[in-house]
Amino acid sequence: MSMNTAPGLLARRELERIRRSRRHARRTQFDYLHVRRLVDDLDRALAGLEGPVRDVLDVYCGSRPYEDLLPSGARCVGLDVEGNPYNVADVVSNEFLPFDDASFDLVTCIEAFQYVEDTEHGVREIRRVLRPGGVALVSLPFACEYDRSFLEHRYTGPELAALFEGWEEVRVVENGGRAIVWATLTGTMLERARARIPDLFGLGRATRLLFAPLFVVVNGVTSVFATLEERHARGPMTLPMNLLLTARRPNDG
């Protein structure tokens, strides 16, 4: 386990760009609707926490884009693995949760819980480092591409909730439905095409800029369909873009 140093100037500029794209998504982003729904649901979940939240652990914290959503006065410790590209974690370790028992009031793992290899062990460890009555908040993608070169998990809502059996106030929120899944996957394909345009005679950059209004159109049209989908949703069948779970550790240990 080691402590991290602050990023350099150039690294910080890129870091701030990444943070903005995750926290304040623009309509010109290919994944605008996915990010917007995730942030809105995170905001509601964190704003609805009961009891004092003094100490927070952010597991696999990445660029740390969501800390301003935490309750006022909370102190956040960011944990990430060795070799992570962001260089902003407070603690860098390949050991999962190298902290004392009952150290935190809130443990978050945002868009990273799918990387926990042994999830049953991971849930036990989250429970161990939480104080009695503390809250776990985890999110992970469902309808999303993955990197086949390393392990990533996918869970349905009931599967995710089952991992936290024995906890209190277990709640799973679906971030976005079929329309947003379509927009995100379509946007991903367009973004990959945009990134591969060669920069010949300065025309590549100009051509890539043309994708921004295209993303605006895709996001705008999809917003309408997503609203209609939410208003007229019927039955048990679902296809969310993302899942967000909150659960409270029982006071009895």
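Say we look at the stretch 40-63 and pick out the residues that are hydrophobic (A, V, I, L, M, F, W, C) and under 15 Å from residue 129 (Cα atoms); which of these is most open to solvent (accessible area, probe 1.4 Å)?
Quick first cut of the stretch 40-63, residues hydrophobic (A, V, I, L, M, F, W, C) only: 42, 45-47, 49, 53, 56-57, 59, 61.
Filter once more, so that each one left must be under 15 Å from residue 129 (Cα atoms): 53, 56-57, 59.
Working: 53: 21, 56: 1, 57: 0, 59: 2 Å².
Result: 53.
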Considering residues of the stretch 124-162 that are at pLDDT below 95 and of a type in the set (Asp, Glu) only, the residue least open to solvent (accessible area, probe 1.4 Å):
152
Tell me, yes or no, whether the stretch 223-233 has at least one residue that is open to solvent by less than 60 Å² (accessible area, probe 1.4 Å), modelled with pLDDT of 90 or more and either assigned to a loop (DSSP other than H, G, I, E, B) or touching a Leu at 6+ places or on another chain (Cβ under 6 Å) (or both).
no
Filter result (closer than 20 Å to residue 16 by Cβ and not in a loop (DSSP other than H, G, I, E, B)) within the stretch 60-85
67, 68, 69, 76, 78, 80
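Would you say residue 166 is in contact with a Leu (Cβ under 9 Å, 6 or more places away or on another chain), at pLDDT 85 or above and either assigned to a strand (DSSP E or B) or small (Gly, Ala, Ser) (or both)? Don't jump to the end; show me each part of the working.
Values: in contact with a Leu (Cβ under 9 Å, 6 or more places away or on another chain): no; at pLDDT 85 or above: yes; either assigned to a strand (DSSP E or B) or small (Gly, Ala, Ser) (or both): yes.
The answer is no for residue 166.
State yes or no: is residue 238 assigned to a loop (DSSP other than H, G, I, E, B), surrounded by 11 or more Cβ atoms within 10 Å (Cβ to Cβ), under 27 Å from the mean Cα position of the chain (by Cα) and not aromatic (Phe, Trp, Tyr)?
Working: assigned to a loop (DSSP other than H, G, I, E, B): yes; surrounded by 11 or more Cβ atoms within 10 Å (Cβ to Cβ): yes; under 27 Å from the mean Cα position of the chain (by Cα): yes; not aromatic (Phe, Trp, Tyr): yes.
In short, yes.
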Exactly one condition in (1) in contact with a Leu (Cβ under 9 Å, 6 or more places away or on another chain); (2) closer than 21 Å to residue 140 by Cα; (3) at pLDDT 95 or above is not met by residue 86; state its number.
(3)
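Filter the stretch 57-75 for residues that are under 16 Å from the mean Cα position of the chain (by Cα) and hydrophobic (A, V, I, L, M, F, W, C); which is nearest to residue 102 (Cα to Cα)? Spell out how you get there, then give the answer.
Residues of the stretch 57-75 that are under 16 Å from the mean Cα position of the chain (by Cα), as a first pass: 57-70.
Checking the rest, the ones that are also hydrophobic (A, V, I, L, M, F, W, C) come to 57, 59, 61, 69-70.
Numbers: 57: 11, 59: 15, 61: 20, 69: 23, 70: 19 Å.
The qualifying residue nearest to residue 102 (Cα to Cα) is 57.
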Every residue in the stretch 86-128 that is touching a strand residue (DSSP E or B) at 6+ places or on another chain (Cβ under 9 Å), outside any helix (DSSP H, G or I) and over 18 Å from residue 76 (Cα atoms), please.
116
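Is it true that residue 132 is touching a residue at least 60 places away in the same chain (Cβ under 8 Å), over 18 Å from residue 162 (Cα atoms) and touching a Lys or Arg at 6+ places or on another chain (Cβ under 9 Å)? First the steps, then the outcome.
Numbers: touching a residue at least 60 places away in the same chain (Cβ under 8 Å): yes; over 18 Å from residue 162 (Cα atoms): yes; touching a Lys or Arg at 6+ places or on another chain (Cβ under 9 Å): yes.
Considered against the rule, which asks whether it is touching a residue at least 60 places away in the same chain (Cβ under 8 Å), over 18 Å from residue 162 (Cα atoms) and touching a Lys or Arg at 6+ places or on another chain (Cβ under 9 Å), residue 132 comes out as yes.
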Within the stretch 98-132, count every residue that is in contact with a helix residue (DSSP H, G or I) (Cβ under 9 Å, 6 or more places away or on another chain) and closer than 24 Å to residue 68 by Cβ.
10
It is to be established whether one or more residues within the stretch 187-197 are open to solvent by 60 Å² or more (accessible area, probe 1.4 Å), part of a helix (DSSP H, G or I) and closer than 30 Å to residue 118 by Cβ.
no
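Taking only the stretch 20-41 into account, find how many residues are out of contact with any helix residue (DSSP H, G or I) (no Cβ under 7 Å at 6 or more places or on another chain) and outside any loop (DSSP other than H, G, I, E, B).
Residues flagged as out of contact with any helix residue (DSSP H, G or I) (no Cβ under 7 Å at 6 or more places or on another chain) and outside any loop (DSSP other than H, G, I, E, B) within the stretch 20-41 amount to 6.
Checking the structure you have, find out if any residue of the stretch 78-89 is buried (at least 18 other Cβ atoms within 10 Å of the Cβ) and over 19 Å from residue 129 (Cβ atoms).
Here is the first cut: in the stretch 78-89, the residues buried (at least 18 other Cβ atoms within 10 Å of the Cβ) are 78-80, 86, 88-89.
Filter once more, keeping what is over 19 Å from residue 129 (Cβ atoms): 86, 88.
Within the stretch 78-89, one or more residues are buried (at least 18 other Cβ atoms within 10 Å of the Cβ) and over 19 Å from residue 129 (Cβ atoms).
The values are calculated or read from the model by the stated rules, or taken from the named source; none is laboratory data. Remember, predicted model here, so these are calculated numbers, not experimental data. Virtual Cβ from ideal backbone geometry, glycine too; neighbours counted across all protein chains shown. With ligands, DNA and RNA removed, areas are computed over all heavy atoms of the protein, side chains included. Shrake-Rupley method; radii C 1.70, N 1.55, O 1.52, S 1.80 Å.
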